[in-house]
Amino acid sequence: MESLDEISGEMVTLLNFHIHSVLQSTTDPVQQLAEADAACVYYQAVGICELLLDAEVDGFFHQLIRSAQTRHWVLERGAKLNPPPLKLLKASNARGFHAALAANQWELARQVARVSRTTCSDGTEYEDDFLAAHFLHRYVLAAPQEELRAILDRFEAVLEGGTNPRLDLGRHLLARDAAGCAQAFADLIEERSAKLQKMKRESIYATDSLFVPQSSIYLEGLAWLRLLERAEIPTEPEYAFCPSLARQTRYAAFAVTTFPSVPLP
């Protein structure tokens, strides 16, 4: 197994490769979007490595911001293509949205939510995955409670008696039920842990260097913690995969230095 320092260098190299490819793929708009979508992933990986290696809080959050901005870039441009590349644009690809929330950048999260798809992309995503993301998009855009409850009702129906901690979190968040949120978030972390353990046993992806940062910090979990805290629902200072260092609210001002080269809203 490579050292974390070696993995970090590999993540930087791959990020730069995908950024370069975005800038070079101007004659193939779908390939350009695919390269940008990959850059969204590697921005997060680089930021996590910076946090793990050097407790670099500023770098971590700045890379999350770039990841979210890149997702917005993909969604905005992809929607103009005919036909739109649904595999790249599906709402359940929420990693950039989660990054904006985790970085405590609420207007950036709203920007991503506004350009996110509002219908399930048949053939590219499961409806329950779509509904989990769609609920959060509508929630940060301050949709009416009736609309949010209707999304959750459909989510429950699609599960056909199954369970999903995101459904429970949504229900308890709307009800401002602190105890319910605590249990549902614990279930989310347990689900994440079980998924990672299964991947280590069964998936070749667990041998990829990208698995190391992605399995160390859970951005969806961080995003939910921001939502709970903003709703003034108590949370614990430490959780597995969501350490306090990754939940800071203060960090250095963001500066535009690389793709997609846009300032914060």
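The values are calculated or read from the model by the stated rules, or taken from the named source; none is laboratory data. Since we're looking at a predicted model, the values are computed, not measured. Don't worry about glycine lacking a Cβ; one is built from the backbone with ideal geometry, like all the others, and counts go over all protein chains shown. Ligands, DNA and RNA are stripped out before the accessible areas are found, and what is left, the full protein with its side chains, is counted by its heavy atoms. Shrake-Rupley method; radii C 1.70, N 1.55, O 1.52, S 1.80 Å.
Which residues make up the longest stretch of the chain clear of trypsin sites (Lys or Arg not before Pro) that lie in a DSSP loop with no more than 10 other Cβ atoms within 10 Å, not counting the sites?
On the way: sites that count: LYS80, ARG250.
So the longest stretch without any such site is 81-249.
Using a Gaussian network model of the chain with C-alpha springs under 10 Å, which one of LEU219, LEU159, LEU33 is most mobile by mean-square fluctuation?
Greatest mean-square fluctuation among the candidates belongs to LEU159.
Of all alpha-carbon pairs in the chain, indicate the percentage at a distance above 29 angstrom.
Numbers: 10232 of 34980 pairs.
Tail fraction, whole percent: 29.
Using the Cα centre of the chain as the reference point, and only Cβ charges (+1 on K/R, -1 on D/E), how large is the resulting charge dipole? Debye, rounded to the nearest 20. Working shown, then result.
Working: 25 positive and 35 negative charges, 140 e Å.
For this selection, approximately 680 debye.
Dipole of the chain (Lys/Arg Cβ +1, Asp/Glu Cβ -1, origin at the Cα centre): which of LEU64, THR163, VAL212 lies farthest to the positive side?
Going by the charge dipole, the pick is LEU64.
Give the aspartates and glutamates whose C-alpha is closer than 13 Å to that of LYS195, dropping any in the same chain fewer than 8 places away, or say none.
Straight-line reach from LYS195, under 13 Å: ASP187.
Find the Cα radius of gyration of the stretch 122-238, compare it with 2.2 N^0.38 Å by division, and give the number to two decimals. Intermediate values should be presented prior to the final figure.
Details: Rg = 15.3 Å, N = 117, 2.2 N^0.38 = 13.4 Å.
Rounded to two decimals, the normalised Rg is 1.14.
With every protein chain kept in place and ligands, DNA and RNA left out, what is the accessible area per residue of the stretch 1-110? Probe 1.4 Å, answer in Å². Before the final figure, lay out the partial values.
On the way: 4440 Å² over 110 residues.
Result: 40 Å² of accessible area for each residue.
With springs connecting C-alpha atoms under 10 Å apart, model the chain as a Gaussian network and identify which of ALA142, ALA186, ALA45 has the largest mean-square fluctuation.
In this elastic network of the chain, the residue with the biggest mean-square fluctuation among ALA142, ALA186, ALA45 is ALA142.
Given the options TYR218, TYR126, TYR42, state which has the largest fluctuation in a GNM of the chain using a 10 Å cut-off (strictly under) for Cα springs.
TYR126
Plugging the Kirkwood radius over Cα pairs into Stokes-Einstein for the stretch 1-120, at a temperature of 37 °C and a viscosity of 0.692 mPa s, what D comes out in µm²/s? Present the calculation step by step, with values, prior to reporting the outcome.
Numbers: Rh = 14.6 Å.
Stokes-Einstein gives a translational diffusion coefficient of 224 µm²/s.
Got a number for carbon plus sulfur as a percent of the chain's accessible area, 1.4 Å probe? Walk me through the numbers on the way to the answer.
Values: 6250 of 12530 Å².
It is 50 percent, rounded to a whole number.
Given Cβ point charges of +1 (Lys, Arg) and -1 (Asp, Glu) and nothing else, what value in debye, to the nearest 20, does the dipole of the stretch 1-94 about its Cα centre take? Provide the component values of the computation, followed by the final result.
Details: 6 positive and 12 negative charges, 157 e Å.
Charge dipole of the stretch 1-94: 760 debye, to the nearest 20.
Where Lys and Arg each count +1 and Asp and Glu each count -1, what net charge lies around LEU222 among other residues with Cβ under 12 Å from its Cβ? Display every interim value, and only then the final one.
Details: positive: ARG95, ARG192, ARG226, ARG247; negative: GLU220, GLU229.
Surrounding charge for LEU222 is +2.
Which one of CYS49, ALA142, ASN93 is farthest out on the positive end of the charge dipole of the stretch 12-155, using unit charges on Cβ (Lys, Arg +1; Asp, Glu -1) and the Cα centre as origin?
ALA142
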